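J.: Quick one: structure below, then a few questions.
Please treat every number below as a calculation from the coordinates, not as lab data. Being a predicted model, the structure only gives us computed values, none of them experimental. Cβ atoms come from the backbone with ideal geometry, glycine included; neighbour counts cover every protein chain shown.
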Amino acid sequence: MIKAIIAAAALATALGGQDRPASGPTGDFWQSLRFLLGTWEAKTQGGSAGATGAGTYTFQLELRNHVLARHTAAAGCQGPADFNCEHGDLLYAYRDHPGEPLKAIYFDNEGHVIHYDVTTPDANTAVFVSAPSEAGPQFRLIYERKGQVMRGKFQLRAPGQSEFRSYLEWSGEKKP
């Protein structure tokens with residue numbers, strides 16, 4: 001009987017610890033990105049893609065709070081013939097090791113993979129920037145929250161250019 005109680009207590013302790021947030025010696029390392037959490041409407045309104053669309057995206061902590069994931073869902077799209085209105089993608093923010101800067105990786109249904117460094121210049125802005133490359137464009141993804149509205153930009157900078165140019169811009173309110 002005592003062995004059963006000890007085993008049950010050990011199991012409860014092991015299972016009870018699974019929902020605790022991952023935090024390093026400096027505390028909650030997701031604090032700078034928590035403003036992104038939730039489900040957001042997205043309505044495109046600019047950029048060189050020439051597309052209009054609507055949908056939602058959700059930022060949520062996953063894998064016992066070790067990864068911040070963004071999942072998207074399209075609701076409608078119109079664009080030029082070369083624009084993929086059936087676009088789907090995933091974005092995962094993570095830390096390789098405690099105390100190291102945040103990084104992110106992006107995958108889409110067209111086979112693109114983008115590695116980002118993540119910074120938060122202020123409490124309501126996150127900037128994801130890929131490394132420059134001579135073989136192709138550098139990418140920048142910006143999220144900026146103002147009240148209940150999130151604005152986003154996906155930008156490119158071609159080799160030899162000094163400035164990023166918006167390919168797609170969107171905004172929308174947080175869903176309840």
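J.: Let me check I've understood the local charge: for Tyr92, count other residues with C-beta under 13 angstrom from its C-beta, Lys and Arg +1, Asp and Glu -1. What total comes out?
T.: Neighbour charge sum, excluding Tyr92 itself: -1.
J.: Sticking with this one: Can you tell me, using C-alpha contacts under 8 Å and at least 6 residues apart, the relative contact order of segment 84-168 as a whole percent?
T.: 16 percent
J.: Calculate one ³J(HN,Hα) per residue across segment 118-129 by plugging θ = phi - 60° into the Karplus curve 6.51 cos²θ - 1.76 cosθ + 1.60, and present them in order as whole Hz with x for glycine and proline.
T.: Listing the rounded values in order: 10, 10, 10, x, 8, 5, 10, 9, 10, 10, 10, 10 Hz.
J.: Please report how far the C-alpha centroid of segment 116-134 lies from that of segment 150-176, rounded to the nearest whole angstrom.
T.: One Cα centre to the other: 12 Å.
J.: By how many nm would the segment from Ala158 to Tyr94 grow when fully extended, if each residue of separation counts as 0.36 nm and the alpha-carbon distance is taken off?
T.: 20.4 nm
J.: Please report the net charge: other residues with Cβ closer than 12 Å to the Cβ of Leu102, K and R +1, D and E -1.
T.: -1
J.: Packing-wise, with mean Cβ within 10 Å as the measure, how do 125-135, 155-165 rank, highest first?
T.: So the order, starting with the most tightly packed, is 125-135, 155-165.
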